[in-house]
Amino acid sequence: MDRLLLLDNDALLKLARYGLLDEVIARFDFTITDVRVLATAKYVLLPAKNRLLLCEDEESYSRLESFLKIAKPLDARSAEPDLLDAVSAVQNIDTGEALLLAVGATARDALIITGDKRSLAALCSHESVTHLANALAGRVISMEVLFSYLVKDQFTHVQECVRSKPDVDKALNIAFGVTMPASYESVKEALASYINHLRAVTGDLLYTKSG
């Protein structure tokens with residue numbers, strides 16, 4: 001299976017609203033053709049009855065709509081059936097996240113970007129899916145881990161994107177500065193604190209490569 005970048009709906013929406021989807025794909029040496037999203041993304045994130053319900057502004061909506069026209073949906077057949085069955089049975093891991101994790105565990109070169117910390121905690125606290133968590137070790141990127149890499153390349157731009165949309169992610173907004181922009185060192189320390197807390201819960205699951 002080709003090297004893939006898997007995005008859950010939460011991460012996808014947040015990155016679209018920040019306007020950072022292209023930067024994220026490039027940061028980890030992928031192209032748009034390598035990206036896979038949940039088949040539910042366009043229906044959940046761009047509801048026909050209230051198109052701006054989640055995107056909130058036309059710019060974010062157009063950005064996400066254009067992205068979803070190109071990004072391919074995850075195919076359940078890409079996951080090993082036993083892995084998908086095992087993770088689907090774990091409480092606090094929803095159907096979409098289960099598919100994302102199962103495909104990621106099957107495709108050993110895939111990276112997963114997810115905003116669902118509850119699912120990650122559940123994955124790492126059930127012995128029934130220890131083998132799946134082990135298969136994903138070092139390949140799961142939480143939002144805080146993701147932004148710890150993004151700021152290395154273009155701190156000012158990323159900070160401006162986050163602070164321009166303070167309602168998108170509370171933890172990121174606090175890290176980058178609420179009343180005034182935080183310094184680079186302060187942002188790094190704040191993100192590291194969030195990451196260390198999550199690592200304490202998820203062990204070796206989170207992405208760790210340097211660079």
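Quick grid of which residues meet (1) in contact with a Phe, Trp or Tyr (Cβ under 9 Å, 6 or more places away or on another chain); (2) part of a helix (DSSP H, G or I); (3) of a type in the set (A, V, I, L, M):
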residue	(1), (2), (3)
Leu6	no, no, yes
Arg17	no, yes, no
Ala26	no, yes, yes
Lys49	no, no, no
Leu53	no, no, yes
Leu64	no, yes, yes
Lys69	no, yes, no
Arg77	no, yes, no
Val87	no, yes, yes
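Of the residues making up segment 89-115, those that are in a loop (DSSP other than H, G, I, E, B), polar (S, T, N, Q) and loosely packed, with under 14 Cβ neighbours inside 10 Å number 1.
Looking across segment 77-88, the residues that are free of Cβ contacts under 8 Å to residues at least 24 places away in the same chain and either surrounded by fewer than 20 Cβ atoms within 10 Å (Cβ to Cβ) or of a type in the set (Asp, Glu) (or both) come down to Arg77, Pro81, Asp82, Asp85, Ser88.
Scanning segment 154-174 for residues that are under 30 Å from Ala133 (Cα atoms) and among the basic types (Lys, Arg) yields one hit, Lys170. Determine if segment 170-185 includes at least one residue that is of a type outside the set (Ser, Thr, Tyr), in contact with a Pro (Cβ under 6 Å, 6 or more places away or on another chain) and assigned to a helix (DSSP H, G or I). Scanning segment 170-185, I find at least one residue that is of a type outside the set (Ser, Thr, Tyr), in contact with a Pro (Cβ under 6 Å, 6 or more places away or on another chain) and assigned to a helix (DSSP H, G or I), so the answer is yes.
Filter segment 84-124 for residues that are charged (D, E, K, R) and within 17 Å of Arg199 (Cα to Cα) and give the result.
Restricting attention to segment 84-124, the residues satisfying the condition of being charged (D, E, K, R) are 85, 94, 97, 108-109, 116-118.
Of everything in segment 84-124, those that are charged (D, E, K, R) and within 17 Å of Arg199 (Cα to Cα) turn out to be Asp116, Lys117, Arg118.
Within segment 175-211, being surrounded by 15 or more Cβ atoms within 10 Å (Cβ to Cβ), farther than 25 Å from Thr130 by Cβ and without any contact (Cβ under 8 Å) to a residue 24 or more places away in the chain holds for Phe176, Gly177, Pro181, Ala182, Ala190.
Readers should treat all values here as calculations from the given coordinates under stated rules, not as data from a laboratory. Every value quoted in this text rests on a predicted model; they were computed, and no experiment measured them. Here the Cβ is made from the backbone with ideal geometry for all residues, glycine too, and neighbour counts use every protein chain on show.
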